[in-house]
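The values are calculated or read from the model by the stated rules, or taken from the named source; none is laboratory data. Source: prediction; values computed, not measured. We place every Cβ from the backbone using ideal geometry, glycine too, and count neighbours over all the protein chains shown. Just so you know, the surface numbers come from the protein's heavy atoms only, side chains and all, with ligands and any DNA or RNA stripped out. Shrake-Rupley method; radii C 1.70, N 1.55, O 1.52, S 1.80 Å.
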Amino acid sequence: FDLVNQNVPIPNKGTTYWCQMFKIPIFQEKHHVIKVEPIIERGHESLVHHILLYQCSSNFNDSVLDFGHECYHPNMPDAFLTCETVIFAWGIGGEGFTYPPHVGLSLGMPPDPRYVLLEVHYDNPARKKGLIDSSGLRFFHTTDTRRYDAGVIEAGLWVSLFHTIPPGMPEFRSEGHCTRECLEEALGTEKPSGIHVFAVLLHAHLSGKGIRLRHFRKGEEMQLLAYDDDYDFNFQEFQYLREEQTILPGDNLITECRYNTKDRAAMTWGGLSTRNEMCLSYLLYYPRINLTRCTSIPDIMDQLQFIGVKEIYRPVTTWPFIIKSPKQYRNLSFMDAMNKFKWTKKEGVSFNKLVLSLPVNMRCSKADNAEWSIQGMTALPPDIKKPYKAEPLVCGTSASSRLHGVFPLPLLGCSLLLGSMLSAQGL
């Protein structure tokens, strides 16, 4: 079956998120989705940037299906607000995704999605007028069910203006934490023996240059779950893990993103636009548990103290909030104050060290907008006692080729293939 938009008019602006609710076909028995493919309208391959599919509350009637609306808009339907659980993600440049033979996306059972929200990110930097789109996703399903039900966890940085990146930085690092406290509560309650990750999608925007999903257990770093050290905004695809990795209660995950803002004169903020930034990982795993989001955001007041802010107006009644003192920032929003600060490369490096050490506010969410008790609490970044160092992988060479400093063509092909495998499969 297909879930596709019908003739959506794309505004002539750089970024549009369009949301449409759909009803999953009614099945009389359990089905497993075994493959998902993008359906991109011909000629719109660069317009449709990514697609997320969310599970919504089941307490609706079919009237919610009558119209779509721009996402995250003050006037969007209230029903959209119940759609928080990501069940599939696709990014530009990616092809179809096939689940491993022992795992599938469950449909037709009481906890499974009945209503879903298709969120399509349209990227229109040229602001072309008159674009009409009918893109979406195609699902292949079977009654020959697999052993396990798949789930998705969104990990990384909470998408927020509090994710700040100074201008003019050839290298700036941000970290989003899926904290020990969240995984301890969620996995300890639902799956003490852990969950098994089999694929990961890494996501950032235009200034993103590299992403790594790091995994820690008792202060020791395990091998990377996934990475892309040459991240390309226009090529995003799930990385299948060659070997499934187990996440246990009390582990830590860090989504680490590298950015380059050398060509920017103002701050880069976390947000939805392609000129804003994100730092996210989508983990496909089994067996499914009630954990949909495990993210964090660093404390904003400590960030503002770095530029000399002393006090803000309280109670906070406006957004963004307004600064009270010192005089040079009085009555400016925190965004204006950060842009007014004279950023140099040295200041940016110092600010980066500060941000990476700050306490983080945790987001630890269940399905249906529910929260684990850890939600909203603060935690410190993990104390990394033993970082992971991978053994270098080297293709064999003959004695004669080493003597002459030349790779024979078969060995050159071997090294190129190895490089592409490392990039594509997160090894």
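Could you work out the local net charge near LYS386, counting Lys and Arg as +1, Asp and Glu as -1, over the other residues with Cβ closer than 13 Å to its Cβ? Spelling it out: positives minus negatives among the neighbours equals +2. The accessible area of MET109, taken with all protein chains in place and a 1.4 Å probe, comes to roughly 80 Å².
What a 1.4 Å probe finds exposed on the chain is 52% carbon and sulfur by accessible area, rounded to a whole percent. Binning the C-alpha pair distances of segment 244-300 at 10 Å intervals from 0 yields a P(r) profile of 14, 44, 25, 15, 3 %, listed from the shortest bin outward.
Bridging of LYS389 to lysines at a Cα separation below 19 Å is possible for LYS218, once same-chain residues fewer than 8 apart are set aside.
For segment 190-249, the alpha carbon positions stretch 38, 22, 21 Å along the principal axes, listed from largest to smallest. Just so you know, the averaged projected area of the alpha carbon convex hull for segment 1-42 sits at 4.5 nm². Rolling a 1.4 angstrom probe over the protein heavy atoms with all chains in place gives the chain an accessible area of 47 Å² per residue. With 26 Å as the cut-off, how large is the P(r) tail for segment 88-202, expressed as percent of Cα-Cα pairs? Percent of Cα pairs beyond 26 Å in segment 88-202: 44. Compactness of segment 96-142 is given as radius of gyration and Dmax, 16.1, 46 Å, from Cα positions. Each residue was assigned an accessible area with a 1.4 Å probe, and for GLU311 the value is about 80 Å².
Per the Cα gyration tensor, segment 190-339 maps to an equivalent ellipsoid with semi-axes of 36, 20, 13 Å, ordered largest to smallest.
Note the count of lysine pairs whose C-alpha atoms are less than 20 angstrom apart in segment 301-354, limited to pairs 8 or more residues apart or on different chains. Lysine pair count for segment 301-354: 10. The accessible-area ordering, largest first, of the residues LYS128, LYS389 stands as LYS389, LYS128, per a 1.4 angstrom probe.
With contacts taken as Cα pairs under 8 Å at a separation of at least 6 residues, segment 1-154 carries a relative contact order of 50 percent. Local charge for LEU107 was computed over the other residues whose Cβ lies under 15 Å away, with Lys and Arg +1 and Asp and Glu -1, and equals +2. Shown in residue order for segment 364-376 are the 3J(HN,Hα) couplings computed by the Karplus curve 6.51 cos²θ - 1.76 cosθ + 1.60 at θ = phi - 60°: 9, 10, 9, 6, 6, 6, 7, 9, 6, 5, 5, 3, x Hz (x for Gly and Pro). The residues neighbouring PRO38, those whose beta-carbon lies less than 12 Å from its own, together hold a net charge of -4 under the Lys/Arg +1, Asp/Glu -1 convention.
With viscosity set to 0.692 mPa s at 37 °C, what whole-number translational diffusion coefficient in µm²/s follows for the chain from Stokes-Einstein and a Kirkwood radius over Cα pairs? It comes out at roughly 142 µm²/s. Annotation: average projected area of segment 301-354 is 3.6 square nanometres, based on the convex hull of Cα atoms across all directions.
P(r) tail for segment 1-149, what percent of Cα pairs lie past 26 Å? Tail of P(r) above 26 Å: 26 percent of Cα pairs.
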